[in-house]
Every structure is written in C-alpha cells, then in structure tokens.
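The values are calculated or read from the model by the stated rules, or taken from the named source; none is laboratory data. Just so it is clear, the structure is predicted and the values come from calculations on it, not from any experiment. The protein model used for the area step is the full one, side chains on, heavy atoms only, and it has no ligands, DNA or RNA in it. Shrake-Rupley method; radii C 1.70, N 1.55, O 1.52, S 1.80 Å.
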Amino acid sequence: CWDMPYDDQLAAMSEVKVRMESLTGQPMQVFACSYSSYDENTLRAAQALGVPFVLARGTEDVRALIYRPEEYDVGLIEVSSVEFGEMGRGSLCDISLWSRGATEQDFAQILAESIAKAPDSMILVSHPHIGGVKAGYWEVYRAALENPALSWQPFDAWMAAVTVIERPFAQIPENRELDYLEPQPLLPLDQIA
C-alpha cells in the first residue's frame, strides 16, 4: 500500500471488507496490505470504512504494540519483527522467513530466541499454505501453542492488554525495509514435506 493513491486503497479495502464480512458474518477488525505496508492513505481508507486497525511492519523488534495516530480513529498494530540473513528484517512469520531463505529449523530457532527476549507482547503469524500444510513449520507452531510459558489470548483480551502509544502520525516510526520482494527460499514449497 505504500504510496498507492487513496481511491485505489479505498476500493481494494472495500472489496476485501465486503468479502470478509460476508464470509464471517462479523465486522472486519483488521486490514493488512502485502508485507504489512501502509501509508496515511491506508489509515484514511480504513477510517472511512470503519475498520479500526491496520497491520504495520514492526519497529520494536519482537515486541508488538499499537500506535494510534492522533489524527485518525484507526490503530496501527505493529507485528513482531525479526532479523534473518542478508535479507534483513521482516515479520515473525513462516512465509516471511521462508522468503528470506529460512528453513523450518531456522524458524524454530528464531521463534525460541524471540520468546527468550520476553517481550510484553508478540505476534506470531502463520500463512495457511505454509504453517497449515508443511509438517516442519506446523510442528514449530504446535510447540508454541503447547508452550506453558506463553499466554495465548483472544483478540479482545490481547487488545485490552497491549501497549498503545498515541502520537501524531508524523511521529510514528515507519518500517519500509523490505529486501525480499522477490522470495529467495532455500527450498521451493513443493520440496518441503
């Protein structure tokens, strides 16, 4: 969504909102552009459509938090961000790490290192075509879900507990670092069990 015109973002977001709400019967709570990109037009479109949150690329390492721009009634949910190899920082997410050349074992190690940092909040993202069907990735998620040291919360409970920082939009840190638009996986998906 970076630098995409407002009308284009509004149209795309409106289409997604209609589809999601017809599928779930629930109001859309969070909108996400590819790579958790956003700009001020994204916030304007979300506000116009009554979508209260937009996903944002993390700026606080593995710590997840919400920035609330004073000018908008929309919050930016910053996802956990981790470093991997030459392709830099990206989401704590199976497809993000796979795109940067990580294996299932790397994913497990990065998640363990992230948990060891003991952030007050963290977002672990799974894409269904990786974490939902690839055995090694699923095992990492299963271990995390079964980890008694982690407190998994429903969205509303997480929202009530997460740190929220209010400030003018211009003072909210932005992460446009994205060195993996062209995925460079170690193994193609069809070669992963």
Completion exercise
Scalar couplings 3J(HN,Hα) for the range 143-153 by Karplus 6.51 cos²θ - 1.76 cosθ + 1.60 (θ = phi - 60°), nearest whole Hz, x for Gly and Pro, are 4, 5, 5, 8, 5, x, 7, 9, 10, 7, 10
Completion exercise
Residue separation between A112 and H127 times 0.36 nm, minus their alpha-carbon distance, gives in nm 3.5 nm
Practice task
Tell me which residues come under 5 Å, amide H to amide H, from I165 once H is placed; ignore anything under 5 positions away on its chain.
Solution key: I66, Y67, R68
Completion exercise
Note on the range 79-193: contact order normalised by length, alpha-carbon pairs under 8 Å, 6 or more apart, percent, works out to 37 percent
Problem - Within the chain, helix-based [θ] at 222 nm, where runs of 4 or more DSSP H residues each add -39,500 (n - 2.57), nearest 500 - result: -10500 deg cm²/dmol
Problem - Sequence-distant residues sharing a close amide H with D61 (under 5 Å, placed H) - result: S81
Exercise for the section: Taking amide H positions as placed in the peptide plane 1.01 Å from N, state which residues far from F31 in sequence (5 or more) or on other chains have amide H under 5 Å from it. Expected result: F53, V54, L55
Practice task
Using a 1.4 angstrom probe on heavy atoms only, work out the carbon and sulfur share of the accessible area of the chain in %.
Solution key: 54 percent
